[in-house]
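S.K.: Could you have a look at this structure, given as structure tokens, before my questions?
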Amino acid sequence: MKTACYIRVSTDRVEQEESLENQKTLFIQYIKEKGLELAGFYSDVESGTKEKRDGLDKMLEDAKDKKFEVIISKDLSRLSRNVKLAYQIKEVMENKNIHLITLDGLVDTTDFAKQNMFGLYAWIFEQESVRISSRIKSVYKSKMKEGLFLGSIAPYGYSITESKSLVVRDDITHLIVREIFDMFLKEHSYQGIAKHLTAKGIPTPSSVAGKSNAGSYWHGSTIKLILSNPHYTGDMVQAREETISVTNKNRRALPLEEQIRVENTHEAIIDKETYARVQNIISKRKKKGKGKQKKITYLFTNYLYCSDCGGTLKFVKSRKSYLCGKHHRYGNHICTSHIIKEDAITDTITDDLSGLVASLSDEKLASAIKALRKQNSQLDGEFKRLNKLISTNDNKKEKLLDLLLAETIDEDIYRLKMNKLNLESLNLEEKLLGLKSQSEGNAFYSHERLVKEINDIKSFTTINRNVLQKFVNRIIVNNNGTFDIEYNFKIN
């Protein structure tokens with residue numbers, strides 16, 4: 001029977017890396033002893049409570065495609081410490097008639113006597129995770145009560161010492177924090193402050209923290225977070241939110257009485273009176289915002305793109321026009337306005353579609369259908385070619401494994417050749433995925449879809465969101481007021 005081996009460790013520490021190899025060795029020995037056939041290894045360096053894992057997701061997808069008949073794992077906790085996920089895995093296996101065996105002997109779905117134990121062990125392992133999480137939280141809270149900063153990134157304007165305390169950075173960031181509070185008290189909006197700092201070229205919190213995905217633009221949400229952070233008063237306030245559970249990683253805010261506050265642990269950047277005034281204003285703004293109307297989606301929202309910066313255009317009521325979003329948020333030094341009226345675009349689309357309807361002859365339709373059939377035939381041929389190459393590569397992998405299990409070749413040669421085959425398979429899979437993506441795009445139409453689109457064109461009366469969804473991909477707006485419309489299809 002073809003057998004998939006699932007390996008998981010919680011961290012990427014060196015000793016855990018050795019555990020990955022140890023688990024792999026155990027699996028190879030087990031497969032040899034039982035006379036099974038190795039279908040592949042799937043591995044993750046993640047917590048067992050986490051539902052989204054690349055290796056596990058890939059294994060479950062392959063299970064749905066019946067690429068193996070048995071899954072083996074060192075123990076059930078390697079697969080899941082989450083009862084909900086454990087039963088999702090169990091459901092996939094039952095639907096596809098795939099067995100699960102754990103090397104600790106506790107779970108074996110080929111053994112009827114052990115099948116009913118699955119739920120019990122899944123619950124036990126989740127409870128173990130709950131207990132571990134509870135102990136970790138207890139240790140963390142104890143350290144928080146000592147005034148130690150346990151966050152991984154210091155608040156903007158501070159840095160973390162080796163002794164886990166906060167110190168004011170020796171740069172301009174603490175001055176920027178004071179400027180943010182000062183501007184807010186002078187009735188500047190969150191986004192207005194963000195726009196001001198971006199225009200001045202002030203480094204963002206993510207860039208100061210050295211994040212790989214750091215951007216150079218400030219955002220209103222970032223300003224609000226800074227204004228709401230009590231650490232700037234010199235007090236250490238932690239445990240302000242927590243994960244809902246070990247299996248649900250969404251976070252929820254904790255009430256003030258459950259937060260851990262230790263006063264005067266570090267130098268303040270903002271005095272407590274100023275901070276209190278700011279919180280009072282934020283609170284009033286929240287109340288004022290209650291009951292406001294839902295956000296309006298304008299006709300061309302998410303269809304208009306700036307030809308220079310590539311960002312979307314947004315409708316600005318005061319201008320009764322669409323403007324480049326980055327220009328509107330950050331000003332001329334980032335991008336120009338690219339202002340355009342709605343009527344200009346609707347008139348052009350109406351003319352284009354009306355002209356297309358008038359030009360649709362039976363001969364042109366027949367020609368388009370013939371071209372589409374030829375296109376789809378070529379696509380189908382390429383699908384078959386790639387799938388055949390992938391199948392051939394899989395056969396080579398199986399033969400290579402046979403040589404390893406028969407001890408005709410050693411593990412070094414096996415890994416060297418298998419890595420080469422895996423690289424070839426990866427390249428073929430990428431080409432196949434690209435082909436699938438291409439076939440699902442607007443360039444490839446079935447005969448039925450083409451006829452339906454043509455009938456839709458003939459029946460349109462006014463330009464609305466429904467018409468746009470059917471016919472328009474996007475519209476590129478130039479700064480001189482001209483624009484280019486990319487339609488979803490083209491009939492020559």
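S.K.: Quick check: anything in the stretch 310-324 assigned to a loop (DSSP other than H, G, I, E, B), touching a residue at least 24 places away in the same chain (Cβ under 8 Å) and buried (at least 17 other Cβ atoms within 10 Å of the Cβ)? Can you show your working first?
M.R.: Restricting attention to the stretch 310-324, the residues satisfying the condition of being assigned to a loop (DSSP other than H, G, I, E, B) are 310-311, 317-320.
Right, trim to touching a residue at least 24 places away in the same chain (Cβ under 8 Å) and you get 311.
The next check asks that each one be buried (at least 17 other Cβ atoms within 10 Å of the Cβ); those that pass are 311.
Yes, because at least one residue in the stretch 310-324 is assigned to a loop (DSSP other than H, G, I, E, B), touching a residue at least 24 places away in the same chain (Cβ under 8 Å) and buried (at least 17 other Cβ atoms within 10 Å of the Cβ).
S.K.: Next question. Which one of the conditions (1) surrounded by 12 or more Cβ atoms within 10 Å (Cβ to Cβ); (2) part of a helix (DSSP H, G or I); (3) at pLDDT 65 or above does residue 369 fail to meet, given that it meets all the rest?
M.R.: (3)
S.K.: Any idea how many residues of the stretch 65-84 are of a type outside the set (Asp, Glu) and modelled with pLDDT under 90?
M.R.: Result for the stretch 65-84: 11.
S.K.: Tell me yes or no: at least one residue of the stretch 131-139 is closer than 26 Å to residue 23 by Cα, among the charged types (D, E, K, R) and either modelled with pLDDT under 75 or surrounded by fewer than 18 Cβ atoms within 10 Å (Cβ to Cβ) (or both).
M.R.: Scanning the stretch 131-139 turns up at least one residue that is closer than 26 Å to residue 23 by Cα, among the charged types (D, E, K, R) and either modelled with pLDDT under 75 or surrounded by fewer than 18 Cβ atoms within 10 Å (Cβ to Cβ) (or both).
S.K.: How about the stretch 252-279: which of its residues are within 18 Å of residue 176 (Cα to Cα) and assigned to a helix (DSSP H, G or I)?
M.R.: 272, 274, 275, 278
S.K.: Right, another one. Taking the condition of being without any contact (Cβ under 8 Å) to a residue 12 or more places away in the chain and closer than 23 Å to residue 176 by Cα, how many residues in the stretch 138-164 meet it?
M.R.: 4
S.K.: Restricting to the stretch 2-54, give me the number of residues that are of a type in the set (A, V, I, L, M) and either modelled with pLDDT of 85 or more or in the same structural domain as residue 398 (by TED's automatic domain parsing) (or both).
M.R.: The total comes to 8.
S.K.: Related question: Select the strands (runs of 3 or more DSSP E) contained entirely in the stretch 143-251, then report the ones holding at least 3 residues which are modelled with pLDDT of 90 or more.
M.R.: Correct list: 158-160, 166-168.
S.K.: Is it true that some residue in the stretch 92-108 is under 27 Å from the mean Cα position of the chain (by Cα) and modelled with pLDDT of 80 or more? Please lay out each step first, then the result.
M.R.: Our first condition is that a residue be under 27 Å from the mean Cα position of the chain (by Cα); within the stretch 92-108, this holds for 92-93.
If we keep only those that are modelled with pLDDT of 80 or more as well, we get 92-93.
Yes - at least one qualifying residue is present in the stretch 92-108.
S.K.: Now for a separate question. Applying the selection to the stretch 68-97, what residues are in contact with a strand residue (DSSP E or B) (Cβ under 6 Å, 6 or more places away or on another chain) and assigned to a loop (DSSP other than H, G, I, E, B)?
M.R.: The answer is 68, 69, 75.
S.K.: If you don't mind, another one. Please go through the stretch 252-278 and give me each residue that is at pLDDT below 85 and aliphatic (A, V, I, L, M), ordered by number.
M.R.: 253, 254, 256
S.K.: Then there's this: With respect to residue 300, is the statement that it is at pLDDT 85 or above and either farther than 19 Å from residue 473 by Cβ or touching a Cys at 6+ places or on another chain (Cβ under 9 Å) (or both) true?
M.R.: So residue 300 fails the test.
S.K.: Could you tell me which of the residues 457, 390 is surrounded by 14 or more Cβ atoms within 10 Å (Cβ to Cβ), among the β-branched types (Val, Ile, Thr) and at pLDDT 70 or above?
M.R.: Numbers: 457 fails: at pLDDT 70 or above.
None of the other options fit; the residue is 390.
S.K.: What tally of residues in the stretch 98-109 results from selecting those that are farther than 14 Å from residue 62 by Cα, in a loop (DSSP other than H, G, I, E, B) and free of Cβ contacts under 8 Å to residues at least 60 places away in the same chain?
M.R.: Number of matching residues: 5.
S.K.: Every residue in the stretch 325-340 that is within 10 Å of residue 306 (Cβ to Cβ) and assigned to a helix (DSSP H, G or I), please.
M.R.: Within the stretch 325-340, 325, 326, 327 qualify.
The values are calculated or read from the model by the stated rules, or taken from the named source; none is laboratory data. These numbers come from a predicted model, not from an experiment. Here the Cβ is made from the backbone with ideal geometry for all residues, glycine too, and neighbour counts use every protein chain on show.
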